[in-house]
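A.B. asks: Pasting a structure below so you can have a look.
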Amino acid sequence: MKKIYLLLFSVIISLGSFAQFVPIVVNPGTSQNIIVGGSNYHASESIYLAAEIGPNNYTTAASAIQQLFFLLEVAPNPGTINNFKISLKNVPAATTTFTTGTYSSAGYTVVFNGTLNATVAGIVPVILTTPFQRVAGNNLQMLIERTDNVVHATGPGIDEIWDASLGNVNNPLANSTRRYNGTVALSAATSLAVSNFRPAIAFNHTFAVDAIVNDIYFPTSSCFNSPQTVAVEIINGGTLPIAAGAASTTLHIRGANTFTATQSNTAVIAPGASEFINFSGVSFNNPGNNFDTAYVNLAGDGSTYYDTVYTINQKAATLSSFPQVETVEEFFPVTPTSDLNVFPFVENIVTAGTGGDWSLNTGAYSNGDQTTALAPLGSPTDSAYYFFDSYLTDNTGTESRLFSNCIDLSNATGALLTYFTNHDNVASLAAFADSLYVSISTDRGVTWTRISGTKRPDPSLATGAVIWRMESVNLNAYIGQVIQIGFEAVSKFGNVILLDNITIAATLPVSLVNFNAQRNGKVNELSWKTSMEQNSSRFIIERSTDGGRNYSDIGQVAAAGNSNTERSYNFTDINPLKGYNYYRLRLVDIDNSFKYSDIENVRNLGAADFSFAPNPVQQQMKI
């Protein structure tokens, strides 16, 4: 199921209407180097304008900022960040941007100093240990410091993704942030470089009682045929514990599948903590879009802005017609193509390690080691391909699986998978043997078995060569089953793995209900019916007059192609030969594979069954 977030965090609430809660997400984007950063130490300063916060919001002790919210797309590793400090200070309204400078905490008030819990993607709340009161009309400046001396990403920031608010409300290119990510501890000599990527943030005056719906979590995509479990995460955004059973949570699903149920938290939820409420027995058997809503009711809840989350998830149909072809051009079309129908790139799971994953790419590829660029397959009309960058994934052993919809081979008589991948023999990558495996799941994505693979580099190529090559995998062992196909990239910190033009071909039978032949005067009438057709092309009528030893074509009838309903066909042999005529059908598929029907015969004497003479009759008639 593809999932599209419609979190309320992305909605800017009218400033001044609700002074307790103000999100700042103007000019939205994402960044891998804000808030936590990837290296051993991190510091960043950001400016939020009074016009964005509301000139008079949080300007009294009774309305002081008590809570911050960040929005996390992909959790860092590790996600529990120690030695994390947030400080705030008022700055004049004229101070709107930064220039390159050095680290200093002068003039700041420390509002949080402890551990940031960012282990799960979604809303990350921070309850301030010291509420902060703004000066009316002033801008607000925030300093984030992380001094745990821990690397929080295994590559150049690839493990964490935070939502950003670029520039400010007046200019998305304004340098609203300056920051440092490095291996040396923070000091007065630490230089901060300017950027327009500042954290997307929400300021909040916390309440004693406040329940938040963080997100809805769905099972891994598959062609479900059994009830599933969906989880809704509830966060305690207040300062008092939420008692067990107090947060009544409803999950409502409509669209292709429907479900409604209400459950409550089973344990006490401490301030800043969360609980996953599981809803079992949810059916996603029907393909199509599902529109999901989760909301919480809590007596005395002081803020309702995070009480509801909306999402859309999509259940893809099981594929039973062939061939299925994935060219990847749906995302970067040179000419318009149909929707992605085999390998949705978002259905990608990092199964081991913490490095990169599959993505999409266009244009010729090269890097520091592979100096010979590899053009897209079929360039320029075929410009896009799947891309796994093990060259930048320095966590050796990272594995990532790109997997398909379910493929129904129940009626197939033969099946073949073909795909194109890159091969090279680059000397500097010889010690980094990245691999690409084809894996199969027969239990709808629960377990996977590797059945084929390619290892790189390829010593059979000339030194320095870089090519595309088609690989093929016989799937006949899975005839009669419903399967999913996975491509598992395994990183050894070598070159990239490219993948394109994936084709699943299968030979499917035409279900012939009957085949009849009978004489009709001087001609022979042939008729037949089918109950199902998959990829059928035509029916070729063959005739034999030597007792069925040798046959020749006498005509053909176009087939339906694909049909699940009964269809009738007929053909007339207007010139049958004298004697016994034997007939059979050659049922031909679109790939020119074929099979034969049973044989029918008709005796033909070259004249009508009854004749009389003379005509007209005068005195005597002979029959």
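A.B. asks: Quick test for you: out of 443, 458, pick the one residue that is touching a His at 6+ places or on another chain (Cβ under 7 Å) and either touching a residue at least 12 places away in the same chain (Cβ under 8 Å) or surrounded by fewer than 19 Cβ atoms within 10 Å (Cβ to Cβ) (or both).
C.D. replies: 458
A.B. asks: Please go through segment 206-220 and pick out each residue that is within 21 Å of residue 252 (Cβ to Cβ) and either open to solvent by 40 Å² or more (accessible area, probe 1.4 Å) or of a type in the set (Gly, Ala, Ser) (or both).
C.D. replies: Across segment 206-220, the qualifying residues are 211, 217, 218.
A.B. asks: Give me the residue from segment 1-45 that is aliphatic (A, V, I, L, M) and modelled with pLDDT of 85 or more and, out of that set, farthest from the chain's Cα centre (by Cα).
C.D. replies: Here the residue is 43.
A.B. asks: Among the residues in segment 305-323, are any touching a helix residue (DSSP H, G or I) at 6+ places or on another chain (Cβ under 9 Å), open to solvent by 50 Å² or more (accessible area, probe 1.4 Å) and modelled with pLDDT of 80 or more?
C.D. replies: Yes, segment 305-323 has at least one match.
A.B. asks: Scan segment 589-603 and report the pairs whose first residue is over 15 Å from residue 561 (Cα atoms) and touching a residue at least 12 places away in the same chain (Cβ under 8 Å) and whose second residue is of a type in the set (S, T, N, Q) and crowded, with 16+ Cβ neighbours inside 10 Å, with Cβ atoms within less than 6 Å and a gap of 6+ or a chain change.
C.D. replies: Note: pairs meeting the criteria are 602/524; 602/581.
A.B. asks: Related question: Under 8 Å between Cβ atoms, which residue pairs at least 6 apart in sequence (or on different chains) link something in segment 517-534 that is under 15 Å from residue 597 (Cβ atoms) and open to solvent by less than 60 Å² (accessible area, probe 1.4 Å) with a partner that is of a type in the set (Asp, Glu) and modelled with pLDDT of 90 or more?
C.D. replies: 517/525; 517/600; 526/573; 526/600
A.B. asks: What pairs come out if I take residues in segment 158-179 that are at positive phi and touching a residue at least 24 places away in the same chain (Cβ under 8 Å) and pair them with residues that are among the small types (Gly, Ala, Ser) and crowded, with 22+ Cβ neighbours inside 10 Å whose C-beta lies under 6 Å away, six or more apart or interchain?
C.D. replies: Every condition considered, the pairs that remain are 167/176.
A.B. asks: May I pose another question? Which residues, counting only those in segment 18-46, are in contact with a strand residue (DSSP E or B) (Cβ under 7 Å, 6 or more places away or on another chain) and within 13 Å of residue 134 (Cβ to Cβ)?
C.D. replies: Within segment 18-46, just 22 meets the criteria.
A.B. asks: Among the listed residues 472, 452, which satisfies the condition of being in a strand (DSSP E or B), polar (S, T, N, Q), modelled with pLDDT of 90 or more and open to solvent by less than 70 Å² (accessible area, probe 1.4 Å)?
C.D. replies: When all the criteria are applied, what remains is 452.
A.B. asks: Now a separate question. Kindly indicate the residue of segment 264-283 that is among the β-branched types (Val, Ile, Thr) and in a loop (DSSP other than H, G, I, E, B) and also least open to solvent (accessible area, probe 1.4 Å) among those meeting that condition.
C.D. replies: Once the filter is applied, the top-ranked residue is 268.
Yes or no, residue by residue, for (1) more than 30 Å from residue 226 (Cβ to Cβ); (2) among the hydrophobic types (A, V, I, L, M, F, W, C):
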residue	(1), (2)
408	no, no
414	no, no
432	yes, yes
443	no, no
453	yes, no
461	yes, yes
464	yes, no
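A.B. asks: Just to be sure, is residue 551 of a type in the set (Phe, Trp, Tyr), more than 39 Å from the chain's Cα centre (by Cα) and open to solvent by 70 Å² or more (accessible area, probe 1.4 Å)?
C.D. replies: Spelling it out, it is not the case that residue 551 is of a type in the set (Phe, Trp, Tyr), more than 39 Å from the chain's Cα centre (by Cα) and open to solvent by 70 Å² or more (accessible area, probe 1.4 Å).
A.B. asks: Has segment 84-106 got any residue that is surrounded by fewer than 16 Cβ atoms within 10 Å (Cβ to Cβ) and at positive phi?
C.D. replies: no
A.B. asks: Kindly provide the set of residues from segment 497-507 that are modelled with pLDDT under 85 and surrounded by 24 or more Cβ atoms within 10 Å (Cβ to Cβ), ordered by number.
C.D. replies: Within segment 497-507, just 506 meets the criteria.
A.B. asks: Let me ask you something else. Looking for whichever is closer than 22 Å to residue 220 by Cβ and in a loop (DSSP other than H, G, I, E, B) here; the options are 286, 290. Which one fits?
C.D. replies: After ruling out the rest, the residue left standing is 286.
A.B. asks: Being open to solvent by less than 40 Å² (accessible area, probe 1.4 Å) and at pLDDT 55 or above is the filter here, so list the residues in segment 331-358 that pass it.
C.D. replies: Once the filter is applied, which keeps residues that are open to solvent by less than 40 Å² (accessible area, probe 1.4 Å) and at pLDDT 55 or above, segment 331-358 yields 356, 358.
A.B. asks: With 171, 196, 149, 225 as the choices, which residue is of a type in the set (S, T, N, Q) and within 29 Å of residue 310 (Cβ to Cβ)?
C.D. replies: Checking each option against the conditions leaves just 225.
A.B. asks: Condition first: crowded, with 22+ Cβ neighbours inside 10 Å, more than 27 Å from residue 318 (Cα to Cα) and modelled with pLDDT of 90 or more. Now tell me which residues in segment 233-261 satisfy that.
C.D. replies: Hits for segment 233-261 are 234, 235, 236, 242, 247, 249.
A.B. asks: When both residues are 6+ apart or on different chains and their Cβ atoms are under 8 Å apart, which pairs have a first residue that lies in segment 550-572 and is in contact (Cβ under 8 Å) with a residue 40 or more places away in the chain, and a second that is hydroxyl-bearing (Ser, Thr, Tyr) and in a loop (DSSP other than H, G, I, E, B)?
C.D. replies: 562/321
A.B. asks: Kindly list the number of the only condition in (1) touching a strand residue (DSSP E or B) at 6+ places or on another chain (Cβ under 7 Å); (2) surrounded by fewer than 21 Cβ atoms within 10 Å (Cβ to Cβ); (3) more than 30 Å from residue 564 (Cβ to Cβ); (4) not acidic (Asp, Glu) that fails for residue 300.
C.D. replies: Here residue 300 clears every test but (1).
The values are calculated or read from the model by the stated rules, or taken from the named source; none is laboratory data. What you see is a predicted model; the values in this text were computed from it and never measured. Note: ideal-geometry Cβ built from the backbone for every residue, glycine included; neighbour counts use all protein chains shown. For the accessible areas, the whole protein counts, side chains as well, though only heavy atoms, and no ligand, DNA or RNA atoms are used. Shrake-Rupley method; radii C 1.70, N 1.55, O 1.52, S 1.80 Å.
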